[in-house]
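**Student:** Have a look at this one.
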Amino acid sequence: MPTCRRKRVVLTEPTPELLKAVKQDPKRPVFYLHITGEIFETYEEYAARMSFYRLRQFQCEVTGKSGLDYFQALDSERQEARTLHSRFPEPLKSAVLRAVQWQVVGRLDHLVEAVYDRFKDRYFKGEYVIVDLNGTKFQARIDRVYPPKFSNVEDRDTFKETSANSLDLENPHSIGGDLKISLHESLESDNPDRYFYWVKLLEIEKDKGHEKGKSTKASDKVDGKLVGSLVEVQSPMMSRDRLAFSKSILRRFIRDCVDRDAAVASPWTVKPIIAARYGVDSVMPEETRKGVEDIKKGEIDKRKKAWEDKEGPPTKKQKKLTAAQEEKGRFISKAAVVAAEKKERDARDKAEKQRLAKEEAERLAAEKKKKKPVRYPTEDLDVRLADKDKKAGTLRLQRPLANRAILPFNESPGAFESFLMAWNFLVVYGQPLHLSVFSLDEFEGAIRHSALDLPCPLLAEVHSTLVYNLRTVPFVRHSLLLSLLKSKEDREHENLDDDAPYGITMDTLTTAMADVGNNWERVPLRFSEGREGWEEAVVGCLKDHANLGNFPQIREILTKLLFAPEQDDDSDSEASHSRHPSPTSPVLKVTASPSERYYALSPEERISILSFMCNLAISSKAIHTHMESCEEQLTALRKEKIEVNRLKKQYIEEVNGLVGESKDEPALTNGAGEDVTMQDLSDTDASEARPKSLGHSKEREAARAKQASIKHAIAERRRLDEELGKLERRLEGIERDFRKLLGAVRVKPLGRDRFYNRIWWFDGMGSASLVGNGGQAQYGTGRIFIQGPSEFDLDLLGQREDENLEERRLEEEGEDGVLNPNEWGVYSEVEELDEFLAWLNPKGQRELALKNIITRWLPHITAGMKKRIMDLTSNAKNTDTRRSARTKVATVDLSREPYMLWTNRKAINAS
């Protein structure tokens, strides 16, 4: 059975309710794990168990291999068990198992030593052995076994003829293999050296050290005569193959076949299945049971006495004898009293020595463990800041507080996550959706937009492209209507009244739905017309795609889209011009069109609609085709990256070669020095220059050639540097393209910190880019988000029993910085990110990987942060400038807001 942290893995038993359901509901669906045979009622239990089995924290109990998942460890144990049982002598198995059954031995090693001493010289019928005959070794098989009582030929012949005492022949070594008697007694009563064996010689044992082609004449003669014959031998002439029988093999066999309870002095027992196969009695005899109980009682009394001795010597009151005892003691001899006192004193001394030896061993083990160096990086939670690190101030002690208040729509649970998911989907798949990129701030402004007389183009484009996309996704006509009617029937069947949200009953709502958005899958939503009619198309899309099961809030949202409160014209006009909507009336009475009522929806309700439509659009054919295209482009990028790195390595080697050559040659700037010197010499002494002109000409030519070589090397070095620069820029471009394409396939966090908080950066993925024209920085969110650990991660944290993690989290994250599952925080400024990087400890595995990847993308991350802050500041100044100080009431021109200036340049029918 695989072990986890040195403990055997206990399989999950079916619950009593499930066992009871077998009789009452035999067709009840369950989740079955066929490898372990475990049964689970819910998928969550099945998935949690499967996740536990997939962790690489299990160990093969047979080989000791660690770092395996449960199934790998189980396969390893089964493979080793098959190998072991195929090697271990089959005739020896039943004898060994009968010997170890019901044995009370503290350690398995001691049991293995005892069994090995008993059976190393005892052989059984059918065993394959190695026989040494006059120096020649044969492989043989034992045909018959004769006990010591038939040590002469006459007795053996009589035994064969009469077949008397056949039990001794079929079950030899019954006395010597009994571990209840001592080894000395077994040798006296059943000496293995006095057994005789008839063996059949099969072939000559191959001698690995024997040279090929060399053999003695005697061996050839023996080979021809004895192979295939029966010979009589004794145990000193025989031996077993070490691959079949040794202490290590015997230990693995016994450990695989026996088990033992955890109670004190529990006997070793053969597993029931194995005992039935090899004929080992599984019912403990009464005599054996009493012996085991006596041993267990003696062990308990021994431990109790040792504990009492450890508590301290007896008090004076305990030493005093009663009058009767004193009277009785007069008749006890003085020698007996002295012997008893000496025995008690020896026992106390022995217990004290054992205690001191144990404490010394524990101390040495602790020192050894303490001195063992830790190899970094290691598990993050095992890393603690030392006092010298705290004093040095190289690492920040507490993580900077991630802001939760500035996250949009974070007041409602789950709203921010849905908002972020919808934005990410629309930006990442902007190419198949035909949407231009827009920032998270612009998307937030559009979601909050509520001016009816000033439509928001961003909302119109987003909803229209989703409607076009969902036309290709299979749907059920009138699915929402059928769901509402079924809900009405269920409530009537349960005698429940209709809750009638906003005062609109189910019948009134279904009647109003009948004439809205029926032609949504064919209505043209033209870009040139501002996507007019997109609100009705969205309602029609929801009618055919949504139901109360996959969209629980759909009834309330449709009620607000199809009905309006009774208001006068002035109030309507005032509400339409207000940037923030007025509180919605609790009662809606007047039928209205969705185009008039959409801007009365709250931001959370608009996010719910977009989140639902995005979740449906992910299954469309256009999105799947785009994802497949991204996978192909990723493969091409990987190949290109390999080729670029190969060229880069080649250029670096060439540069190193040029550097080596330049070190060997003297540095020359030009050849003017030599020319001037030679010219001076020729002018000064022409008579002496004439006979040397030839030599000077050769030197001049050599100098010019060397100078030309150096200039060529410099030019070649400059060219290689330029090529390396191009390759570096191409590698950076490949990394950016790789991030864009990978974001369209799957979005992953940058990493996790020591407490499993996930760090997210959403810029530069899908249709978005990190660098614009002219190398200008671009951003989508311009922030780093941090998300609390998942439920699974919290379970991993809870499995650590060596420290109080709650206190540590409060100390290192801060009381306000601890994030629960599904809680988010954000770092918006470069200074906050720098403080977060200073908090990460590179000695931890997770935080080292996280710090490395943030550092790699740090120029783009900080550039996006700075660009966002600059844009927000500029927009705030422009807004202040647009405010009129001369009028009594300051107004804001919504048409100049960034989200209102956004234009979809990728629209299909854009002019």
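The values are calculated or read from the model by the stated rules, or taken from the named source; none is laboratory data. Worth saying up front: this structure is predicted, and the values here are computed from it rather than measured. Cβ atoms come from the backbone with ideal geometry, glycine included; neighbour counts cover every protein chain shown.
**Student:** Condition (residue is over 39 Å from the mean Cα position of the chain (by Cα), assigned to a helix (DSSP H, G or I) and either among the hydroxyl-bearing types (Ser, Thr, Tyr) or outside the structural domain of Val427 (by TED's automatic domain parsing) (or both)) applied to the stretch 722-732: is it met by at least one residue?
**Tutor:** From the stretch 722-732, those over 39 Å from the mean Cα position of the chain (by Cα) are 722-723; that's our starting set.
Now restrict to residues that are assigned to a helix (DSSP H, G or I): 722-723.
Those left that are additionally either among the hydroxyl-bearing types (Ser, Thr, Tyr) or outside the structural domain of Val427 (by TED's automatic domain parsing) (or both): 722-723.
Looking for residues that are over 39 Å from the mean Cα position of the chain (by Cα), assigned to a helix (DSSP H, G or I) and either among the hydroxyl-bearing types (Ser, Thr, Tyr) or outside the structural domain of Val427 (by TED's automatic domain parsing) (or both), one finds at least one in the stretch 722-732, hence yes.
**Student:** What number goes with the only condition from (1) buried (at least 19 other Cβ atoms within 10 Å of the Cβ); (2) of a type in the set (S, T, N, Q); (3) closer than 22 Å to Tyr598 by Cα that Ser439 does not pass?
**Tutor:** The single condition Ser439 does not satisfy is (3).
**Student:** Given the stretch 1-111, what helices (runs of 4 or more DSSP H) lie entirely inside it while holding 1 or more residues that are of a type outside the set (A, V, I, L, M) and more than 23 Å from Arg255 (Cβ to Cβ)? Show your work before the answer.
**Tutor:** Details: elements: 16-24, 43-54, 70-87, 90-100.
Ranges flagged: 16-24, 43-54.
**Student:** Just give me the residues in the stretch 421-433 being in contact with a helix residue (DSSP H, G or I) (Cβ under 7 Å, 6 or more places away or on another chain) and over 10 Å from Ser767 (Cβ atoms), in sequence order. Let's see the steps before the verdict.
**Tutor:** In the first step, residues of the stretch 421-433 are kept if they are in contact with a helix residue (DSSP H, G or I) (Cβ under 7 Å, 6 or more places away or on another chain); the result is 421-423, 425-426, 428-429, 431-433.
Hits for the stretch 421-433 are Met421, Ala422, Trp423, Phe425.
**Student:** On the basis of being over 30 Å from Gly445 (Cβ atoms) and free of Cβ contacts under 8 Å to residues at least 60 places away in the same chain, does Gly772 make the cut?
**Tutor:** Details: over 30 Å from Gly445 (Cβ atoms): no; free of Cβ contacts under 8 Å to residues at least 60 places away in the same chain: yes.
Against the criterion (over 30 Å from Gly445 (Cβ atoms) and free of Cβ contacts under 8 Å to residues at least 60 places away in the same chain), Gly772 does not qualify.
**Student:** Hey, can you tell me all the residues within the stretch 520-553 that are part of a loop (DSSP other than H, G, I, E, B) and either β-branched (Val, Ile, Thr) or not assigned by TED's automatic domain parsing to the domain that holds Leu480 (or both)?
**Tutor:** Taking the stretch 520-553 and keeping what is part of a loop (DSSP other than H, G, I, E, B), we get 520-533, 546-553.
Listed by number, the list holds a single entry, Val523.
**Student:** Another one. Could you look through the stretch 40-67, keep only residues that are touching a residue at least 12 places away in the same chain (Cβ under 8 Å) and farther than 30 Å from Leu19 by Cα, and pick out the one that is surrounded by the fewest Cβ atoms within 10 Å (Cβ to Cβ)?
**Tutor:** Arg56
**Student:** Something else now. Find the helices (runs of 4 or more DSSP H) located wholly in the stretch 155-246 whose residues include 1 or more that are modelled with pLDDT under 80 and β-branched (Val, Ile, Thr), and list them. Spell out the reasoning first.
**Tutor:** Details: elements: 166-170, 183-189, 217-226.
Because the criterion is at least 1 residues that are modelled with pLDDT under 80 and β-branched (Val, Ile, Thr), the helices (runs of 4 or more DSSP H) in the stretch 155-246 that meet it are 217-226.
**Student:** Under 6 Å by Cβ, and 6 or more places apart or on different chains, what pairs join a residue from the stretch 178-193 that is touching a residue at least 60 places away in the same chain (Cβ under 8 Å) with one that is among the small types (Gly, Ala, Ser)?
**Tutor:** From the stretch 178-193, the pairs are Leu179/Ala99; Leu179/Ala114; Ser186/Gly176; Pro192/Ser235; Asp193/Ser235.
**Student:** Follow-up. Among the residues of the stretch 243-273, what is the count of those that are among the charged types (D, E, K, R) and touching a helix residue (DSSP H, G or I) at 6+ places or on another chain (Cβ under 8 Å)? Show your work before the answer.
**Tutor:** Filtering the stretch 243-273 down to residues among the charged types (D, E, K, R) leaves 247, 251-252, 255-256, 259-261, 271.
Subsequent filtering for residues that are touching a helix residue (DSSP H, G or I) at 6+ places or on another chain (Cβ under 8 Å) retains 247, 251-252, 255-256, 271.
Matching residues across the stretch 243-273 total 6.
**Student:** Oh, and also: Which number in (1) out of contact with any strand residue (DSSP E or B) (no Cβ under 7 Å at 6 or more places or on another chain); (2) at pLDDT 85 or above marks the one condition that Arg5 misses?
**Tutor:** The failed condition is (2).
**Student:** On the given criteria, is Ile869 touching a strand residue (DSSP E or B) at 6+ places or on another chain (Cβ under 8 Å) and either of a type in the set (D, E, K, R) or within 23 Å of Gly764 (Cα to Cα) (or both)?
**Tutor:** It is false that Ile869 is touching a strand residue (DSSP E or B) at 6+ places or on another chain (Cβ under 8 Å) and either of a type in the set (D, E, K, R) or within 23 Å of Gly764 (Cα to Cα) (or both).
**Student:** Confirm whether Glu532 is under 11 Å from Ser595 (Cα atoms) and modelled with pLDDT under 95.
**Tutor:** Working: under 11 Å from Ser595 (Cα atoms): yes; modelled with pLDDT under 95: yes.
Taking the combined requirement at face value, the residue satisfies it.
**Student:** Turning to a different aspect of this structure: Among the residues of the stretch 480-525, write down those that are over 48 Å from the mean Cα position of the chain (by Cα), loosely packed, with under 15 Cβ neighbours inside 10 Å and in contact (Cβ under 8 Å) with a residue 40 or more places away in the chain.
**Tutor:** Hit for the stretch 480-525 is Gly503, nothing else.
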